[in-house]
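Data block below; observations after.
A short reminder: the numbers here are calculations on the coordinates, not readings from a lab. Model, not experiment: these values are computed from the prediction. Here Cβ is always computed from backbone atoms with ideal geometry, including for glycine, and neighbour counts include all displayed protein chains.
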Amino acid sequence: MSQIIQLLPQVLVDGLTLGFVYAVVAIGYTMVYGILELINFAHGDIFMTGSFVGAGVLFTVMSMGFMSSAPTMVLFMIMILVAALITGVMGVGIERVAYRPLRKRNAPKLIALITSIGISFILEDAVRFIADWTTGNYIITTRPLFQHKFTIDFHSVFPFFNNATFQGSFLVVSIVTIIMLISLDLFVSKTKWGIAMRAVAQDRETASLMSINVNRVISVTFFIGSALGGATGVLFLIQYGTVDPYIGFILGIKAFTAAVLGGIGNIRGAMFGGILLGLLEMFAAANLSTITHGAMGSEYKDVFAFIILILVLIFKPEGLFGKATIEKV
Amino acid sequence: MNILEVKNLTKKFGGLMATRDVSMNVEKNSITAVIGPNGAGKTTFFNMITAVYRPTSGDILLNGKSLVGLKPHQVCHFGISRTFQNIRLFNEQTVIENVLVGMHQRLKGHWIGTLLHFPEVTREEEAAKVEAYKILQYVGLEEFVNESAGNLPYGAQRRLEIGRAIAAKPKILLLDEPAAGMNPKETRQLTDLIHDMRHRLDVTIILIEHDMKLVMKISDYLYVLDHGELIAEGKPDEIRNNQRVIEAYLGKEATQRG
């Protein structure tokens, strides 16, 4: 028990880093689901594409002599902005080419779901091809950007805690994700576009009769969701240093899980669900072998997180922040 | 001057003729009523004007320009706004947000500017909120500003629908059974509101209504539909005594026996 408590500060730091990443990606799932009732499985691969675009920008800038001495922060901002812009436009393009024609023909939702899985494969292979072609390897490792190490001295204040150490990248990831989460929340809850988005999510036909251009609102939703996902890909790259074309799959599944945990369609729910899932996962990774006396190692962390998910959904199927749907007769 | 001209409007759903050859001329700034028994095609008619349905044949002209083939939001943009027979508010949004939805097209803020919080966009949003509040005062809902629309009492929901519709600053306002389910007091208030809107907002009003007392009192001109066809038109007094209208409502037998 004391060992678990000692590790808590470190679990908190690592869990938050991962949780913030899940939270932002989960928003992309939940926004699209809220407005189209579509689980856009390609979203995880948008995230992955963002990380590769970020790596591409980094390599390009490094190869240009005059830029290689640019401050890290500037470099980082360029990576984030370029990745967000490219993935945002990609998201809009995917919606135009793949989902909108289906919507026009009133195709069943299952067809759109299968389409999104197809797009997910296309993105994975396209990124793999391009990465392999340009660098000779599809697994990309970049030099760490923010490697300064910090230690928070928990031990001297609370003797039962160990100290927590983290890299500078933890701060960068946290600050950027928090800024993204807050500004998105303001956008959706306060502005005319956010109001329009929520109106379209509730009743598309009435919204269009009230002067809202529904297709445009859907495009904006895809742009914002995808741009956030792509930017988070860059943060992932900065935090963990190595990316491959398949990181989007498992991370996407988990972010989707986070969205369901918080109540799919609910943006604040997705934020909370993501952070909770990250913390649970890191808690399990640190403590599973202690709890089970070595029977299960940290590789079972996903099982632990998903058991929690199943328990929550058994008792609250609409998710933690979701509204219970009442069957209308 | 006619603001709206409807020419030989026909809508078929498979073999069913929902409206057949309906023509209307609506004078600017008038109050026009469309009446008829249930299933006469009145709401279908509204749905064609607002581009929910595309007419099978015929034309709809607003100030001489055809509306056929436009999308609903474009029709709204050109100046036709409406309410619904079965209330269709955005129940999970607040009362003021519902009004702001109605103002959407009139606000210029581009979504990129909104996302980046450009100062002029923020100013516009603030001004819009003030205006939305004034609209709520006008329809008498200022006490509910931040209430969820779904929690309002029934009569207030009907008024909110009108508030949302006039927020778009329409030239023509379509009211689909605005008095349905209202008690006599609420109906009186509604009558006053409709009169007032015509003068104050300089709007042309077309309404579908079953409450004959209300219809006869406020309409300048009436069109009567039955089984999708126009069976009569005229001023309230002419319609009141029209034999075909009485038959449509009461059935042929009843009128002969009586």
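In percent, how large is the relative contact order of segment B:1-65, given Cα pairs closer than 8 Å and 6 or more residues apart?
About 46 percent, as a whole number.
Starting from the amide H of B:Ala18, placed 1.01 Å from N in the peptide plane, find each other amide H under 5 Å away whose residue is 5 or more places distant or on another chain.
B:Lys11, B:Lys12, B:Phe13
Mind pulling the angle between the C-alpha long axis of helix B:119-138 and the longest principal axis of chain B? Nearest 10 degrees, somewhere in 0 to 90.
Value to nearest ten degrees: 40.
Tell me, what is the percent relative contact order of segment B:105-165, built from C-alpha pairs under 8 Å that lie six or more residues apart?
Relative contact order, segment B:105-165: 25 percent.
Once you have a ≥ b ≥ c as the square roots of the Cα gyration tensor eigenvalues for segment B:132-243, tell me rounded if a/c is under 1.5, and otherwise prolate or oblate according to whether a/b is larger than b/c.
Since a/c reaches 1.5 and a/b is larger than b/c, the shape of segment B:132-243 is classed as prolate.
Between A:Ser183 and A:Val89, what FRET efficiency comes out of the Förster formula 1/(1 + (r/R0)^6) with R0 = 25 Å and r the beta carbon distance, rounded to 0.05?
Plugging the Cβ-Cβ distance into 1/(1 + (r/R0)^6) gives 0.80.
At 7 Å along the Cα-to-beta-carbon direction for both B:Asn146 and B:Asp220, put a label point, then send me their distance in nm to one decimal.
The modelled label-to-label distance comes out at 4.3 nm.
Please turn the phi angles of segment B:39-47 into ³J(HN,Hα) values with the Karplus equation 6.51 cos²θ - 1.76 cosθ + 1.60 (θ = phi - 60°), one per residue in order, whole Hz, x for glycine and proline.
x, 7, x, 5, 5, 4, 4, 4, 5
How large is the translational diffusion coefficient of chain B in µm² per second when you combine the Kirkwood radius over alpha carbon pairs with Stokes-Einstein at 10 °C and 1.306 mPa s?
82 µm²/s
Counting other beta carbons within 10 Å of each Cβ, put B:Ile87, A:Ile275 in order, fewest first.
Ordered from fewest to most neighbouring Cβ atoms within 10 Å, B:Ile87, A:Ile275 come out as B:Ile87, A:Ile275.
Which of A:Ala70, A:Ala126, A:Ala42 moves most in a GNM of chain A, Cα contacts under 10 Å?
A:Ala70
With r as the distance between the Cβ atoms of B:Tyr154 and A:Phe315 and R0 = 35 Å, compute the FRET efficiency 1/(1 + (r/R0)^6) and round to 0.05.
For R0 = 35 Å, the calculated efficiency reads 0.50.
Return the tail of the calculated pair distribution for segment B:92-168, meaning the percent of Cα-Cα pairs more than 20 Å apart.
Counting pairs separated by more than 20 Å, the tail of P(r) holds 31 percent.
If each of B:Gln85 and B:Leu16 carries a label point 7 Å out from its Cα toward its Cβ, how far apart are those two points in nm?
Computed distance between label sites B:Gln85 and B:Leu16 equals 1.1 nm.
Mind checking the full-extension length gain between B:Lys71 and B:Lys7? Use 0.36 nm per residue of separation minus the Cα-Cα distance, one decimal, nm.
21.1 nm
Based on DSSP H runs of at least 4 residues, each adding -39500 (n - 2.57), what is the mean residue ellipticity at 222 nm of chain A after dividing by all its residues, to the nearest 500 deg cm²/dmol?
The helix contribution divided over chain A gives -24500 deg cm²/dmol.
Just the number, please: Stokes-Einstein D of the protein assembly as shown in µm²/s, Kirkwood Rh from C-alpha pairs, 25 °C, 0.890 mPa s.
Rounded, D is 90 µm²/s.
Grab the DSSP H runs of chain B that are 4 residues or longer, score each as -39,500 (n - 2.57), total them, divide by all residues and round the 222 nm result to the nearest 500 deg cm²/dmol.
Theoretical 222 nm ellipticity from helices: -11500 deg cm²/dmol.
Taking square-rooted eigenvalues a ≥ b ≥ c of the alpha carbon gyration tensor, is segment A:131-225 rounded, prolate or oblate, where a/c under 1.5 means rounded and, failing that, a/b exceeding b/c means prolate?
oblate
Give a residue-ordered list of calculated ³J(HN,Hα) values for segment A:153-168 (Karplus: 6.51 cos²θ - 1.76 cosθ + 1.60, θ = phi - 60°; whole Hz; x for Gly, Pro).
8, 6, 5, 6, 8, 10, x, 7, 9, 7, 6, 10, 10, 8, 8, x
Using a Förster distance of 35 Å, how high is the FRET efficiency between A:Asn106 and A:Ile130, based on the Cβ-Cβ distance and rounded to 0.05?
Using R0 = 35 Å, I get an efficiency of 0.50.
Suppose a student asked you for the relative contact order of chain A, using Cα pairs under 8 Å spaced at least 6 residues apart; what percent would you report?
Over chain A, the number comes to 36 percent.
Does segment B:1-87 classify as rounded, prolate or oblate by the C-alpha gyration tensor (a ≥ b ≥ c root eigenvalues; a/c under 1.5 gives rounded; else a/b over b/c gives prolate, otherwise oblate)?
It comes out rounded by the Cα gyration axes.
Over 23 Å, how big is the tail of the calculated P(r) for segment A:31-190, in percent of all Cα pairs?
When every Cα pair of segment A:31-190 is considered, 55 percent fall beyond 23 Å.
Express in nm, to one decimal, how much length is gained between A:Arg268 and A:Ile175 on full extension, taking 0.36 nm for each residue of separation and deducting their alpha carbon distance.
Computed gain between A:Arg268 and A:Ile175 is 31.7 nm.
Mind sorting A:Leu38, A:Leu237, B:Leu190 by how few other Cβ atoms lie within 10 Å of their own Cβ, fewest first?
A:Leu38, B:Leu190, A:Leu237
So for segment A:46-115, Kirkwood radius off the Cα pairs, Stokes-Einstein at 4 °C and 1.567 mPa s: how many µm² s⁻¹?
92 µm²/s
So which lysines can B:Lys108 reach, going by Cα to Cα under 22 Å and dropping same-chain residues fewer than 8 places off?
List returned: A:Lys190, A:Lys192, B:Lys71, B:Lys129, B:Lys134, B:Lys169, B:Lys171.
For chain A, what is the Kirkwood estimate of the hydrodynamic radius, computed as the reciprocal of the mean inverse distance between distinct Cα atoms, to one decimal in Å?
20.8 Å
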